[in-house]
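Written below as structure tokens is the structure these notes are about.
The values are calculated or read from the model by the stated rules, or taken from the named source; none is laboratory data. Computed from a prediction, not measured in an experiment: that's the story for all the values here. With ideal geometry, Cβ positions are generated from the backbone for all residues, glycine too; neighbour counts draw on all protein chains shown. Each accessible area value is taken on the protein alone, full model and side chains, heavy atoms only, with ligands, DNA and RNA left out. Shrake-Rupley method; radii C 1.70, N 1.55, O 1.52, S 1.80 Å.
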Amino acid sequence: MSGMSPFRVLRAKPLWIANGVITGVLALLFAVFYVGANIDPVDHMTKLPVGLVNADKGAGQVNLGAQITESIRKSTANGGKIDWKVMDERELKEELGEGKLFGALVVPADFTSSVTALTSTTTTGAPARPTLTVLTNQSAGSIGSGLARTATTRAAESASLQVGKELTARSGAQQAKLPAAARVLLADPAAVTVKDGHPLDSHSGLGLTAFYYALTLVVVGMLSANVISGQVDHALGYTHNDMGPRRLHRPLIRATRVQTLAISTTLMAGLSLLMGTLVMAGAVGLMGMDASHLPLLWLYSVCAIAVAGIGALTLLAVFGTPGMLVVTLVFIGMAVPTAGATTPIEALPGFYRFLAEFEPLRQITGGIRSILYYDAQGDAGLTRGWVMMAAALAAAALFGFGVLGWYDRKGLHRIPVETTSEKTAVPA
């Protein structure tokens, strides 16, 4: 038997079947989660929040701004894809600054008076063209901001054409007396200008640094959990450790499953201080990422890594070898498409919106976005981030120690007592 070629195992059908099923399902799930979530955001878009502001002071009894905003609000043309939120300029600034709006349409204070001037026969020279302002908000997500920009621009252009019809009908025969420039503008009087409603610093990745920073924290926590789990098993003597051509093994220190998880989580919590510090140092110090509230960013980074790592350790301890696949799906496969950082949650299919309510990356991203872009305001996602991380930590502790405690009580030890021999282990 010793002369048997190891390549004979390739003839074993169970080896092909088992690995084929696992890798095939993994490939299918990643395709579904990644491609399926983003394949048609426009069609899946539902109630994307966009501001609608009428700052028009009117002229006499006429207020065209009020007519425009009311018409847009009541319009059913968008099929419920846009949630028009009527507000004043102060509220608009606040909600753009908290990431609650993906954009806005603003009717300026002089809109009615500018439109009225177009029909005046006493005006000399080219009349000033009225404007409607479209505000974007890249900090809330580039795709979401783009979708909002498209919708608000269309609404502004439609409103301009409607006002043009009213002007043309109202001026009637008087059009012949108007300056040539004014007659041209009558059909489509309003110019649409686009501005950034919540400008970001230049080193903010066009609103994506929060997502990539949060993703880094989650990946670091997840991968560190795999490393720590293996190193604790080696330290306790349950597994060997290959270092190049050397195989190291330590004497067995028998520990219950609960004790093993407690050791791993303690190690993760302690090392999160180091990892959180280095992530922030690398992103802010070495790469120059724009960031403020650095003490808070450091604390949040440390806690995010610890929670992600402890959650991953729990899944590894409960599910064993398949646990790494579960960890990958939970922290990467299902998390990235539902983070709301690229495609907004409102533009995802219903199943993905459901996942986004509890997937860790979305919660962590919201807190990082608040710290980096919104002056660490609680309503901008920071409070939700802290609460959801605390809930995740509690759930991991209850699930992990509860299930592993049951394993221990049932005698489901990693090495059954009756099979343990008095072999002398070779120390490292």
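Given contacts defined as C-alpha pairs under 8 Å and at least six residues apart, what's the relative contact order of segment 264-335, whole-number percent?
Value for segment 264-335: 32 percent.
Packing around the peptides 138-147, 194-203, taken as the average count of other Cβ atoms within 10 Å per residue, puts them in this order, highest first: 138-147, 194-203. Seen against the Cα atoms of the chain and their longest principal axis, helix 13-38 is set at about 20 degrees. Rounded to the nearest 500, the 222 nm mean residue ellipticity of the chain from helices alone is -17500 deg cm²/dmol, with -39,500 (n - 2.57) taken per DSSP H run of at least 4 residues. Per residue, the chain exposes 51 Å² of accessible surface when a 1.4 Å probe is rolled over the protein heavy atoms with every protein chain present.
What ratio of Cα Rg to 2.2 N^0.38 Å holds for the chain? Display every interim value, and only then the final one.
Values: Rg = 30.2 Å, N = 428, 2.2 N^0.38 = 22.0 Å.
So the chain has a normalised radius of gyration of 1.37.
Among the protein heavy atoms of the chain, carbon and sulfur supply 63% of the accessible surface, probe 1.4 Å, non-protein parts ignored. Secondary structure note: in the chain, about 35% of the DSSP beta bridges are antiparallel. The number of Lys pairs in the chain with C-alpha atoms less than 17 Å apart, excluding pairs fewer than 8 positions apart on the same chain, is 9. In the chain, once you exclude exposed GluC sites (Glu not before Pro) (DSSP loop, at most 13 other Cβ within 10 angstrom), what's the longest stretch remaining? Looking at the chain, 1-356 is the longest stretch - no exposed GluC sites (Glu not before Pro) with at most 13 other Cβ atoms within 10 Å. Its alpha carbons give segment 8-123 an Rg and a Dmax of 26.8, 97 Å. Between the beta carbons of residue 357 and residue 413, assuming R0 = 35 Å, the FRET efficiency works out to 0.40 to the nearest 0.05.
The 3J(HN,Hα) values that the Karplus relation (6.51, -1.76, 1.60; θ = phi - 60°) gives for segment 266-275 are, in residue order, 5, 5, 4, 4, x, 6, 4, 4, 5, 5 Hz. Gly and Pro appear as x.
Taking every C-alpha pair closer than 8 Å and separated by at least 6 residues, the mean separation divided by the residue count of the chain gives a relative contact order of 17 percent.
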